[in-house]
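Peer 1: Following this message is one structure expressed as structure tokens.
No lab work stands behind these numbers, since they all come straight from the coordinates. Every value quoted in this text rests on a predicted model; they were computed, and no experiment measured them. Note: ideal-geometry Cβ built from the backbone for every residue, glycine included; neighbour counts use all protein chains shown.
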Amino acid sequence: MSTAYRNATPPPIPWLSEGFFDFWSTRVHPLWTLRRPLARLVARTRASADAFTLELQPNRHFGGLAAGQHVNLGVEVEGRLTTRSYSPTALPNGRLAITVKAIAGGKVSNHLAHQARIGEVFALGQAFGEMVLPAQPAQRLLLLAAGSGVTPMRALLRELAGQGMPVKVDLLYWARHRLELCFVDELQALADHHPAFGLQLLTTRDPAQPAARVDAHEFSDVALLETARVLACGPAGFVQAAQQRLQGQVASFQSEAFSPPQLHAQEQGSVQVQLLNSGRTLIVPRGAALLPALEAEGIQPASGCRMGICNTCVCGKVSGVTRHTLTGDYADEPSTLLKLCVNSASTDLVLEL
Ligand SMILES: Cc1cc2nc3c(=O)[nH]c(=O)nc-3n(C[C@H](O)[C@H](O)[C@H](O)COP(=O)(O)OP(=O)(O)OC[C@H]3O[C@@H](n4cnc5c(N)ncnc54)[C@H](O)[C@@H]3O)c2cc1C
Ligand code: FES
């Protein structure tokens with residue numbers, strides 16, 4: 001990491017709050033804080049028809065990341081700090097490269113892709129995520145990606161290439177159109193260089209030869225499939241379809257969804273949610289994920305991935321029945337911890353929020 005961003009942690013001064021310190025120190029240098037990780041945007045380049053790669057310089061409080069992990073990025077959009085997760089590639093110069101697909105109507109992705117200024121500073125969370133490589137990869141890997149789900153795969157492939165591609169790896173990468181594919185030259189160069197790496201670029205709306213979607217894809221090498229560790233990443237519908245397609249056929253299947261699943265409205269009506277710490281009582285739709293339901297009422301719980309992965313939105317549930325939006329399971333035990341992004345209210349709730 002560049003020495004320009006190193007700042008000595010000052011001795012603790014009892015009357016000096018962290019917020020006060022950070023307020024003044026960031027006026028001297030935008031990345032100087034007592035403890036908080038921050039990152040500054042230093043460059044942005046186009047990665048595909050609808051995606052941009054942003055190079056970020058983190059400050060010294062960022063603890064680094066393993067290939068395949070994610071970070072939460074806090075971005076000010078319309079005057080409000082809004083957090084989303086991204087899957088960086090760690091660059092040799094200590095910076096992080098995130099590639100962001102601009103989602104139609106998406107708040108943070110469009111800000112990052114089109115509006116964020118060079119020099120803008122973002123809040124940065126520590127890395128999280130289990131889709132990482134073992135210290136000595138020994139098992140064949142099948143990587144399945146759709147859309148922006150290719151970003152952790154790129155980091156994993158760079159890591160494997162650095163080790164001389166020690167195992168057989170295949171990447172199947174879906175997009176609608178060729179112009180929406182990211183990192184094509186880099187992936188192609190890796191495939192040319194490493195016979196152990198197989199690449200299939202699959203465009204489902206190719207006018208000449210549309211590729212089958214994952215649910216109808218012919219996985220030709222069935223014998224090898226049985227020994228493969230599969231990693232799948234992309235929108236919720238894609239990872240669900242991939243899992244169904246390969247169920248029982250592969251050694252292991254691990255996935256991370258980048259977008260929330262479509263909820264089937266099985267529960268109707270509304271419930272009362274009492275927030276003990278803020279002293280508010282709200283009416284929210286029964287069956288709706290609690291995080292967006294509370295946000296719609298003007299409450300801003302801490303959040304990150306919005307997909308149940310990073311634990312940022314965990315709060316105490318004092319009482320009430322909740323339903324997990326991914327598994328459909330109900331939980332009625334009192335005094336437990338609750339992830340607001342992947343739970344809905346089934347009955348009235350009391351939360352420590
Ligand atoms: C662990 C993790 C890692 C991620 N890594 C990356 C990454 O490296 N690059 C990247 O571009 N995105 C990544 N994402 C998605 C990212 O966090 C945001 O969800 C995405 O940028 C959209 O945010 P937004 O504020 O623009 O959209 P919002 O305003 O939150 O949502 C707008 C609409 O778009 C839908 N939506 C949100 N995300 C997606 C998506 N990925 N595909 C399709 N529809 C979506 C929402 O359901 C909503 O209907 C990751 C998500 C997770 C959970
Ligand atoms: S916001 Fe990440 S687990 Fe809920």
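Peer 1: Determine the gain in length on full extension of the stretch V318-Q247; use 0.36 nm per residue of separation and subtract their C-alpha separation, reporting nm with one decimal.
Peer 2: Stretched out fully, the V318 to Q247 stretch lengthens by 21.8 nm.
Peer 1: Measuring from a point 7 Å past the Cα of A208 along Cα-to-C-beta, which residues in the range 162-188 have an amide N at less than 16 Å?
Peer 2: Residues 177-179 fall inside that zone.
Peer 1: To continue, here is another question. If you place +1 on the Cβ of every Lys and Arg and -1 on the Cβ of every Asp and Glu, how big does the dipole about the Cα centre of the range 205-353 come out, in debye to the nearest 20?
Peer 2: About 200 debye.
Peer 1: Based only on other Cβ atoms within 10 Å, what is the fewest-to-most ordering of H111, H324?
Peer 2: Arranged by neighbour count, lowest to highest, H111, H324 become H324, H111.
Peer 1: Classify the range 187-239: rounded, prolate or oblate, from the alpha-carbon gyration tensor (a ≥ b ≥ c, eigenvalue square roots; a/c under 1.5 rounded; otherwise prolate if a/b is larger than b/c)?
Peer 2: Oblate shape, in that a/c is at least 1.5 and b/c is the bigger or equal ratio.
Peer 1: Using the alpha-carbon centroid of each, what span in Å lies between the range 63-79 and the range 121-158?
Peer 2: For the range 63-79 versus the range 121-158, the Cα centre distance is 14 Å.
Peer 1: Leaving out same-chain residues fewer than 8 places away, which lysines sit with a Cα under 23 Å from that of K317?
Peer 2: Filter leaves K339.
Peer 1: A follow-up question, please. Antiparallel DSSP bridges in the chain: what percent, to the nearest 5?
Peer 2: 65
Peer 1: D221 to N93: FRET efficiency via 1/(1 + (r/R0)^6), r the Cβ-Cβ distance, R0 35 Å, to the nearest 0.05?
Peer 2: The computed FRET efficiency comes out at 0.40.
Peer 1: Next up: Taking the range 158-232, which GluC sites (Glu not before Pro) meet the DSSP loop condition and have no more than 14 other C-beta atoms within 10 Å?
Peer 2: In loop regions of the range 158-232 (DSSP not H, G, I, E or B), the sparsely surrounded GluC sites (Glu not before Pro) are E218, E226.
Peer 1: Could you work out the percent of alpha carbon pairs in the range 83-221 separated by over 17 Å, rounded to a whole number?
Peer 2: 66
Peer 1: Along the positive direction of the dipole of the chain (beta-carbon charges: Lys, Arg +1; Asp, Glu -1; about the Cα centre), which of A146, A116, Y86 reaches farthest?
Peer 2: The residue sitting farthest along the positive end of the dipole is A116.
Peer 1: So, in nm, how far is label A196 from label Y330 when the simple model puts each one 7 Å beyond its Cα toward the Cβ?
Peer 2: For A196 paired with Y330, the spin-label model returns 5.1 nm.
Peer 1: How big is the charge dipole of the range 157-267 about its Cα centre, in debye rounded to the nearest 20, if each Lys and Arg gets +1 on its Cβ and each Asp and Glu gets -1 on its Cβ?
Peer 2: Here the size comes out at about 100 debye.
Peer 1: Which shape class applies to the range 275-353: rounded if a/c is under 1.5, otherwise prolate when a/b exceeds b/c and oblate if not, where a ≥ b ≥ c are the square roots of the Cα gyration tensor eigenvalues?
Peer 2: Since a/c stays below 1.5, the shape of the range 275-353 is classed as rounded.
Peer 1: When the helix-only estimate is applied to the chain (DSSP H runs of n ≥ 4, each -39,500 (n - 2.57), divided by the residue count), what is the mean residue ellipticity at 222 nm, nearest 500 deg cm²/dmol?
Peer 2: The helix contribution divided over the chain gives -4500 deg cm²/dmol.
Peer 1: Something else now. Where does the range 214-312 land on the Kirkwood hydrodynamic radius, alpha-carbon pairs, in angstrom?
Peer 2: So the Kirkwood estimate lands at 16.4 Å.
Peer 1: Among S85, S319, S148, S278, what is the fewest-to-most ranking by other Cβ atoms within 10 Å?
Peer 2: S278, S319, S85, S148
Peer 1: Treat the count of other C-beta atoms within 10 Å as a stand-in for reagent exposure and order D221, D22 from fewest to most.
Peer 2: Neighbour counts put them in this order, fewest first: D221, D22.
Peer 1: I've got another one for you. Does the chain classify as rounded, prolate or oblate by the C-alpha gyration tensor (a ≥ b ≥ c root eigenvalues; a/c under 1.5 gives rounded; else a/b over b/c gives prolate, otherwise oblate)?
Peer 2: Oblate.
Peer 1: Let me ask you something else. Length gain on complete extension for the stretch A104 to A236, per 0.36 nm per residue less the alpha carbon to alpha carbon distance?
Peer 2: Gain on stretching A104 to A236: 45.9 nm.
Peer 1: Next question. In whole Å, what is the distance between the alpha-carbon centres of the range 160-182 and the range 265-302?
Peer 2: 41
Peer 1: Hey, another quick one. Report, in whole Å, the centroid distance computed from the Cα atoms of the range 317-342 and the range 23-46.
Peer 2: 37
Peer 1: Shifting gears a bit: With r defined as the distance between the Cβ atoms of T281 and Q254 and R0 fixed at 41 Å, what FRET efficiency is calculated, to the nearest 0.05?
Peer 2: 0.55
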